[in-house]
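The structure appears right after this line, and notes come after that.
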Amino acid sequence: MGLTIAQKIIKAHALSGDMTVDSEVALKIDQTLTQDATGTMAYLEFETMGLKRVKTERSVAYIDHNTLQSGFENADDHRYIQSVCKKHGIYFSRPGNGICHQVHLERFGKPGKTLIGSDSHTPTGGGIGMLAMGAGGLDVAVAMGGGAYYIKMPKMYKVNLIGKLNPFVTAKDISLEILRILSVKGGVGAIIEWGGEGIRYLSVPERATITNMGTELGATTSIFPSDEITREFLKAQGREEDYIPLASDEDAQYDKIININLNELKPLIACPHSPDNIVTVESLKGTKVDQVCIGSCTNSSLLDMLKVAALLKGKTINPSVSLSISPGSKQVLSMLSECGALTDILASGARLLECACGPCIGMGFSPNSAGVSLRTFNRNFIGRSGTADASVYLVSPETAVAAALTGEITDPRLLGEMPQVTMPTSFKIDDSAVIEPASENEAESLEILRGPNIKPFPESLPQEDTLTAELVLKVGDNITTDHIMPAGAKILPYRSNIPHLSQFCFGVCDTTFPERAKALGKSIIVGGSNYGQGSSREHAALVPMYLGVRAVITKSFARIHVANLINAGIMPLTFKNPQDYDKLNQGDKLTLTGVFEGMEKGEITLKNETTGECYLLECTFTDRQKSILKAGGLLAFTKEI
């Protein structure tokens with residue numbers, strides 16, 4: 001039987017395990033990336049392990065999230081990360097150089113290589129045929145030290161693109177269509193491979209938009225073949241030597257096959273407050289718009305920006321709309337400036353923001369109260385924009401421009417003829433904002449620079465065989481990492497200060513949670529389906545661990561979050577009978593008995609001391625995960641071995 005693209009890469013990088021679905025596979029990791037919202041903690045963890053030098057082919061630290069320096073905290077974190085990089089062999093991408101996924105695609109990504117990043121949208125690299133996955137910072141730290149990255153062998157899904165996109169219908173609309181088909185839970189436990197005749201009409205930036213948004217499906221990753229389109233992109237970046245052809249075998253087997261007819265696709269829009277709440281743009285015609293944001297790791301490439309500039313040329317945005325533009329990298333911004341496209345953008349009345357994540361992570365440019373904001377981003381979770389009562393919609397750059405010009409949601413096909421945009425055959429290469437690490441000899445004398453906001457990694461506790469604790473919080477389905485550990489300009493500066501950060505934990509759901517959990521000293525959380533979807537931020541596990549959460553019981557979990565819980569020493573358990581979720585109430589006293597024996601059997605008994613009822617919980621831990629939990633987390637486990 002033939003292999004899929006992902007299976008070929010996994011087979012070439014497997015250190016142990018086999019490719020049977022759901023069995024654990026240990027992978028050799030070629031490249032890692034971090035960003036500054038998660039990177040400080042990842043490097044604190046790397047230091048705690050006592051490692052002197054990274055052992056990957058390439059590790060890069062990007063500064064792209066916490067770029068708003070309204071106090072000393074972010075500047076101190078950036079200085080700390082830069083000094084760690086210099087000493088330990090990591091490349092450092094300075095603030096302003098661009099968004100991690102955009103820059104990595106341009107300058108460092110290679111077909112056929114493995115990449116993990118402490119950002120959930122790392123699968124962007126699948127646009128050039130990488131096996132690129134989001135992971136918690138601790139997993140990234142271990143990989144930087146030469147350790148394996150463990151995954152459960154995913155299922156393989158294939159999406160065939162038929163035909164060709166019509167004008168004003170885009171790669172973003174393809175992303176929204178697959179979300180409409182599968183939902184935010186539909187990709188859990190799967191790798192999605194894109195193929196069919198339609199992919200030959202998609203450039204690498206368009207492919208990267210699709211693999212980026214695959215994160216919102218809950219997929220392990222998404223991947224495109226490495227073909228002549230890939231070669232052209234790498235050649236234009238001065239990296240043709242990095243190209244290798246990569247395709248699935250003709251007799252490769254897939255667990256699910258989906259066909260999307262591009263000829264029939266229309267401009268789509270994701271409504272508040274979930275990326276899979278999809279309708280056609282034309283169905284919302286006339287909805288007033290207050291704000292439009294174009295950028296993020298999803299839609300900030302040169303191709304996206306050139307289209308935006310062409311549509312805005314000679315026009316002025318509606319007086320009722322505020323429009324922001326965030327180029328994805330210094331390369332994109334420089335080339336926009338040199339070709340005159342930036343002038344067309346600015347002349348329209350748009351506001352130019354830094355080459356960074358910015359509004360996507362809630363770092364500035366929040367909408368007005370109860371405002372409607374159209375964004376070319378990948379997430380529209382409630383409160384993520386920084387305005388609690390805002391209505392955020394996800395759209396393509398073309399639909400975003402249409403709204404900016406008209407002041408309301410407008411089908412972009414009504415703008416007339418789509419201007420012709422031609423991509424350059426070579427990109428401007430300037431890596432001066434990427435600082436190389438010191439040599440091993442030079443590194444010995446270098447000092448790590450720490451500010452007062454940088455606190456030590458919190459200590460976790462070994463798991464107990466009998467755990468009695470209060471149900472401190474009960475939440476519903478699709479609880480995101482933004483619910484658990486919100487982002488935004490007020491909170492992100494404290495990513496390296498877990499004690500202070502803990503004050504905001506579950507603030508979207510219950511502002512009393514941090515105080516109550518800390519007072520209890522030991523507690524349990526209960527949740528619904530797809531608990532922990534969204535970001536890879538391990539803070540959504542580390543902070544609950546710091547507050548005394550010992551177990552989380554749900555109907556189901558998102559992939560990265562369940563790994564982060566285990567790494568933090570928190571037991572992730574699921575109801576054997578999902579209806580038992582309804583029988584538990586916040587404040588109940590719960591007891592988990594025979595935990596260690598239950599780990600071996602895959603089944604643990606939960607007793608509700610308040611009602612006297614008992615329920616069965618399932619756990620499918622590998623031997624390695626059992627040892628991690630018993631040790632009190634991955635860091636403690638790593639020290640033991």
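The values are calculated or read from the model by the stated rules, or taken from the named source; none is laboratory data. Given the structure is predicted, the values throughout are model-derived calculations rather than measurements. Virtual Cβ from ideal backbone geometry, glycine too; neighbours counted across all protein chains shown.
Quick check: anything in segment 547-554 farther than 30 Å from GLY186 by Cβ and out of contact with any Phe, Trp or Tyr (no Cβ under 9 Å at 6 or more places or on another chain)? Can you show your working first?
Initial filter on segment 547-554 (farther than 30 Å from GLY186 by Cβ): 547-548, 550.
Next cut, out of contact with any Phe, Trp or Tyr (no Cβ under 9 Å at 6 or more places or on another chain) only: 548, 550.
Yes, there is a match, as at least one residue in segment 547-554 is farther than 30 Å from GLY186 by Cβ and out of contact with any Phe, Trp or Tyr (no Cβ under 9 Å at 6 or more places or on another chain).
For the subset of segment 470-503 comprising residues that are closer than 16 Å to ARG537 by Cβ, outside any helix (DSSP H, G or I) and of a type in the set (Val, Ile, Thr), which member is nearest to the chain's Cα centre (by Cα)?
By that ranking, first place goes to THR480.
For segment 368-400, what are the residues that are in a loop (DSSP other than H, G, I, E, B) and among the hydrophobic types (A, V, I, L, M, F, W, C)? Even if it seems obvious, please write down each step before you answer.
Initial filter on segment 368-400 (in a loop (DSSP other than H, G, I, E, B)): 368-371, 376-390, 395-396.
Residues satisfying the conditions are ALA370, PHE377, PHE381, ILE382, ALA388, ALA390, VAL395.
Quick one: is ILE116 assigned by TED's automatic domain parsing to the domain that holds GLN253, under 21 Å from ALA190 (Cβ atoms), among the β-branched types (Val, Ile, Thr) and buried (at least 24 other Cβ atoms within 10 Å of the Cβ)?
Values: assigned by TED's automatic domain parsing to the domain that holds GLN253: yes; under 21 Å from ALA190 (Cβ atoms): yes; among the β-branched types (Val, Ile, Thr): yes; buried (at least 24 other Cβ atoms within 10 Å of the Cβ): yes.
It is true that ILE116 is assigned by TED's automatic domain parsing to the domain that holds GLN253, under 21 Å from ALA190 (Cβ atoms), among the β-branched types (Val, Ile, Thr) and buried (at least 24 other Cβ atoms within 10 Å of the Cβ).
Which of the strands (runs of 3 or more DSSP E) contained wholly in segment 200-304 include at least 2 residues that are in contact with a helix residue (DSSP H, G or I) (Cβ under 8 Å, 6 or more places away or on another chain) and within 15 Å of LEU105 (Cα to Cα)?
On the way: elements: 221-223, 256-261, 268-270, 278-280, 291-294.
Per the criteria, 221-223.
In segment 346-369, how many residues are within 20 Å of GLY407 (Cβ to Cβ), out of contact with any strand residue (DSSP E or B) (no Cβ under 9 Å at 6 or more places or on another chain) and buried (at least 18 other Cβ atoms within 10 Å of the Cβ)?
First, the residues of segment 346-369 that are within 20 Å of GLY407 (Cβ to Cβ): 346-351, 359, 365-369.
Right, trim to out of contact with any strand residue (DSSP E or B) (no Cβ under 9 Å at 6 or more places or on another chain) and you get 347, 369.
Imposing the further condition that a residue be buried (at least 18 other Cβ atoms within 10 Å of the Cβ) reduces the set to none.
Summing the residues that are within 20 Å of GLY407 (Cβ to Cβ), out of contact with any strand residue (DSSP E or B) (no Cβ under 9 Å at 6 or more places or on another chain) and buried (at least 18 other Cβ atoms within 10 Å of the Cβ) in segment 346-369 gives 0.
Quick one: which residue in LEU323, LEU342 is closer than 16 Å to LYS307 by Cβ and in a helix (DSSP H, G or I)?
Within the list LEU323, LEU342, the selection yields LEU342.
Among (1) within 24 Å of THR34 (Cβ to Cβ); (2) touching a residue at least 40 places away in the same chain (Cβ under 8 Å); (3) not aromatic (Phe, Trp, Tyr), where does VAL562 come up short?
Evaluating VAL562 over (1) within 24 Å of THR34 (Cβ to Cβ); (2) touching a residue at least 40 places away in the same chain (Cβ under 8 Å); (3) not aromatic (Phe, Trp, Tyr) leaves (2) as the failure.
Please work out which residue is nearest to GLY476 (Cα to Cα), limiting yourself to segment 580-609 and to residues that are touching a helix residue (DSSP H, G or I) at 6+ places or on another chain (Cβ under 8 Å) and surrounded by fewer than 19 Cβ atoms within 10 Å (Cβ to Cβ).
ASN608
Mind listing just one residue for me: the one in segment 362-384 that is out of contact with any helix residue (DSSP H, G or I) (no Cβ under 7 Å at 6 or more places or on another chain) and among the polar types (S, T, N, Q) and, of those, nearest to HIS101 (Cα to Cα)?
Selected residue: ASN380.
Select from segment 547-582 the residues that are touching an Asp or Glu at 6+ places or on another chain (Cβ under 6 Å) and either at pLDDT 95 or above or not in a helix (DSSP H, G or I) (or both) and list them in ascending order.
Going residue by residue through segment 547-582, those that are touching an Asp or Glu at 6+ places or on another chain (Cβ under 6 Å) are 564, 574, 576.
The answer is THR574, LYS576.
Scan segment 395-421 and report the pairs whose first residue is closer than 16 Å to LEU265 by Cα and whose second residue is aromatic (Phe, Trp, Tyr), with Cβ atoms within less than 6 Å and a gap of 6+ or a chain change.
GLU398/PHE168; PRO412/PHE168; ARG413/PHE168
Looking only at segment 8-55, which residues are farther than 25 Å from ALA247 by Cα, of a type in the set (Val, Ile, Thr), modelled with pLDDT of 95 or more and within 21 Å of the chain's Cα centre (by Cα)?
The one that is farther than 25 Å from ALA247 by Cα, of a type in the set (Val, Ile, Thr), modelled with pLDDT of 95 or more and within 21 Å of the chain's Cα centre (by Cα): THR34.
Which condition from (1) more than 26 Å from the chain's Cα centre (by Cα); (2) under 29 Å from HIS65 (Cα atoms); (3) charged (D, E, K, R) is the one that LYS576 breaks?
(2)
When the residues of segment 194-223 are narrowed to those that are within 17 Å of LEU179 (Cα to Cα) and of a type in the set (Asp, Glu), which ends up surrounded by the fewest Cβ atoms within 10 Å (Cβ to Cβ)?
It comes out as GLU206.
Scan segment 39-52 and report the pairs whose first residue is among the small types (Gly, Ala, Ser) and whose second residue is surrounded by fewer than 16 Cβ atoms within 10 Å (Cβ to Cβ), with Cβ atoms within less than 9 Å and a gap of 6+ or a chain change.
GLY50/LYS639
If I filter segment 17-40 for residues that are in contact with a helix residue (DSSP H, G or I) (Cβ under 9 Å, 6 or more places away or on another chain), of a type in the set (D, E, K, R) and closer than 16 Å to GLY146 by Cα, do I get at least one hit? Before the answer, list the steps.
Pass one, segment 17-40, residues in contact with a helix residue (DSSP H, G or I) (Cβ under 9 Å, 6 or more places away or on another chain): 19, 24-40.
Retained after the next criterion (residues that are of a type in the set (D, E, K, R)): 24, 28, 30, 36.
Checking which are closer than 16 Å to GLY146 by Cα leaves us with 28, 30.
Checking segment 17-40: at least one residue is in contact with a helix residue (DSSP H, G or I) (Cβ under 9 Å, 6 or more places away or on another chain), of a type in the set (D, E, K, R) and closer than 16 Å to GLY146 by Cα.
Given segment 4-111, what strands (runs of 3 or more DSSP E) lie entirely inside it while holding 1 or more residues that are within 30 Å of PRO154 (Cα to Cα)? Spell out the reasoning first.
On the way: elements: 14-16, 24-27, 31-35, 58-62, 91-93.
Counting at least 1 such residues, we get 14-16, 24-27, 31-35, 58-62.
What number of residues within segment 561-580 are small (Gly, Ala, Ser) and within 20 Å of GLY594 (Cβ to Cβ)?
Adding up the residues that qualify gives 1.
Could you check GLY507 against (1) at pLDDT below 95; (2) more than 28 Å from the chain's Cα centre (by Cα); (3) at negative phi and say which number it fails?
For GLY507, the failing item is (2).
Please go through segment 169-185 and pick out each residue that is in contact with a strand residue (DSSP E or B) (Cβ under 8 Å, 6 or more places away or on another chain), modelled with pLDDT of 95 or more and β-branched (Val, Ile, Thr).
Selection gives ILE174, ILE178, ILE181.
Taking ILE63 and the conditions (1) crowded, with 24+ Cβ neighbours inside 10 Å; (2) closer than 19 Å to TYR149 by Cα, which numbered condition does it fall short on, given that it satisfies the others?
Of everything listed in (1) crowded, with 24+ Cβ neighbours inside 10 Å; (2) closer than 19 Å to TYR149 by Cα, ILE63 misses just condition (2).
Within segment 433-456, restricting attention to residues that are at pLDDT 95 or above and within 27 Å of the chain's Cα centre (by Cα), which residue is surrounded by the fewest Cβ atoms within 10 Å (Cβ to Cβ)?
By that ranking, first place goes to GLU436.
Taking the residues in segment 1-20 that are hydrophobic (A, V, I, L, M, F, W, C) and within 11 Å of GLN253 (Cβ to Cβ) as candidates, determine which candidate is surrounded by the most Cβ atoms within 10 Å (Cβ to Cβ).
First pass over segment 1-20, keeping only residues hydrophobic (A, V, I, L, M, F, W, C): 1, 3, 5-6, 9-10, 12, 14-15, 19.
Checking which are within 11 Å of GLN253 (Cβ to Cβ) leaves us with 1, 3.
Working: MET1: 7, LEU3: 17.
Only one residue tops the list, namely LEU3.
In segment 152-185, what residues are under 27 Å from HIS273 (Cβ atoms) and surrounded by fewer than 19 Cβ atoms within 10 Å (Cβ to Cβ)?
Initial filter on segment 152-185 (under 27 Å from HIS273 (Cβ atoms)): 157, 159, 168-185.
Result: ARG180, ILE181, LYS185.
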